[in-house]
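Right, one structure below, let's go through it.
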Amino acid sequence: MFFPVMLNLQGKPVLFVGGGPETALKVERLVQAGAQVVLVSPFSHPELEKLAEQGSITWYRRGFLPSDLEGVWLCVAHPAGRWINALVAQAAQARRVWLNAVDDPAHCDFILPAVHRQGDLILAVSTSGAAPALGVRIKERLAGEYGPAYATYLELLRSFRPLVQQAYPHDFEARKAAWYRLVDSAALDLVMLGELERAKAALWQALYAQTQSPIPTSFPETHLEAV
């Protein structure tokens, strides 16, 4: 049984033991997440040369050493020889470093789901290591339903966060109810139609629907500039 989490890797040191066919793709995703990636791999990865030249990753062009795990936050192992995973796992366990060994659940402390992203929206699908290909197919179906409009919609909702706090500063239940009114409003449908101003208006009405005071007649300037 796995416990799903979203990790904040911004500025965190992450070791990647590379050499496998998806080394470049997985390293690039870690860099995009803001991790400070240390790559250990004696193999050629042309797609990563620019990242190394820019200093976006530190690349040791050799095989794995247990000392590579010193001071790292977590480790991903995707070596050319799967047998190396056992060595990495032993060294990681001794140092209490979380390890993901690609396609090798027996040596994993955590596994990586299939992920679909649209801006701030992240949909993650996992089969708990039983059949990752099925997770990918489910993710592809979800991608068809949750398209680019959701990125715009979430950007708009994010801009309302301070407004919700201002409208209901001392009442958690009122803020909670306001958020459900926002997401249950017609705003998403309007965003999908390209009617952004009408979507804002729908959210504005939903925000103040349960208040006793008059609804403000205009958006704050900071709100207008947020989207």
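The values are calculated or read from the model by the stated rules, or taken from the named source; none is laboratory data. Quick caveat, the model's predicted, so the values are computed rather than measured. Cβ placement follows ideal geometry from the backbone for every residue including glycine, while neighbour counts extend to all protein chains displayed. Side chains are part of the model used for accessible areas, which takes the heavy atoms of the whole protein and leaves out ligands, DNA and RNA. Shrake-Rupley method; radii C 1.70, N 1.55, O 1.52, S 1.80 Å.
What the table below lists for this structure:
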| read-out | value |
| --- | --- |
| Residue check, residue 163 at pLDDT below 95 and surrounded by 14 or more Cβ atoms within 10 Å (Cβ to Cβ) | yes |
| Residue within the stretch 44-61 that is of a type in the set (S, T, N, Q) and in contact with a Pro (Cβ under 7 Å, 6 or more places away or on another chain) present | no |
| Residue list for the stretch 23-44, filter: among the polar types (S, T, N, Q) and in a helix (DSSP H, G or I) | 23, 32 |
| Residue match in the stretch 75-83 (condition: surrounded by fewer than 20 Cβ atoms within 10 Å (Cβ to Cβ), of a type in the set (A, V, I, L, M) and either in a loop (DSSP other than H, G, I, E, B) or in contact (Cβ under 8 Å) with a residue 24 or more places away in the chain (or both)) | yes |
| Selected residue (only one of 117, 158 is closer than 22 Å to residue 209 by Cα, open to solvent by 80 Å² or more (accessible area, probe 1.4 Å) and within 17 Å of the chain's Cα centre (by Cα)) | 158 |
| Lone unmet requirement of (1) in contact with a strand residue (DSSP E or B) (Cβ under 6 Å, 6 or more places away or on another chain); (2) among the aromatic types (Phe, Trp, Tyr); (3) without any contact (Cβ under 8 Å) to a residue 12 or more places away in the chain for residue 3 | (1) |
| Residue within the stretch 12-21 that is open to solvent by 30 Å² or more (accessible area, probe 1.4 Å) and either under 20 Å from residue 110 (Cβ atoms) or modelled with pLDDT under 95 (or both) present | yes |
| Boolean, residue 109 is modelled with pLDDT under 95 and not in a helix (DSSP H, G or I) | no |
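Conditions (1) over 21 Å from residue 94 (Cα atoms); (2) out of contact with any Gly (no Cβ under 9 Å at 6 or more places or on another chain), marked per residue:
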{"residue": "19", "(1), (2)": "yes, no"}
{"residue": "30", "(1), (2)": "yes, yes"}
{"residue": "45", "(1), (2)": "yes, no"}
{"residue": "50", "(1), (2)": "yes, yes"}
{"residue": "58", "(1), (2)": "yes, yes"}
{"residue": "69", "(1), (2)": "no, yes"}
{"residue": "73", "(1), (2)": "no, yes"}
{"residue": "76", "(1), (2)": "no, no"}
{"residue": "79", "(1), (2)": "no, no"}
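Residue-by-condition table, conditions (1) under 29 Å from residue 131 (Cα atoms); (2) more than 24 Å from the chain's Cα centre (by Cα); (3) open to solvent by less than 40 Å² (accessible area, probe 1.4 Å):
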{"residue": "1", "(1), (2), (3)": "yes, no, no"}
{"residue": "8", "(1), (2), (3)": "yes, no, no"}
{"residue": "25", "(1), (2), (3)": "yes, no, no"}
{"residue": "36", "(1), (2), (3)": "no, no, no"}
{"residue": "39", "(1), (2), (3)": "yes, no, yes"}
{"residue": "43", "(1), (2), (3)": "yes, yes, no"}
{"residue": "73", "(1), (2), (3)": "yes, no, no"}
{"residue": "87", "(1), (2), (3)": "yes, yes, no"}
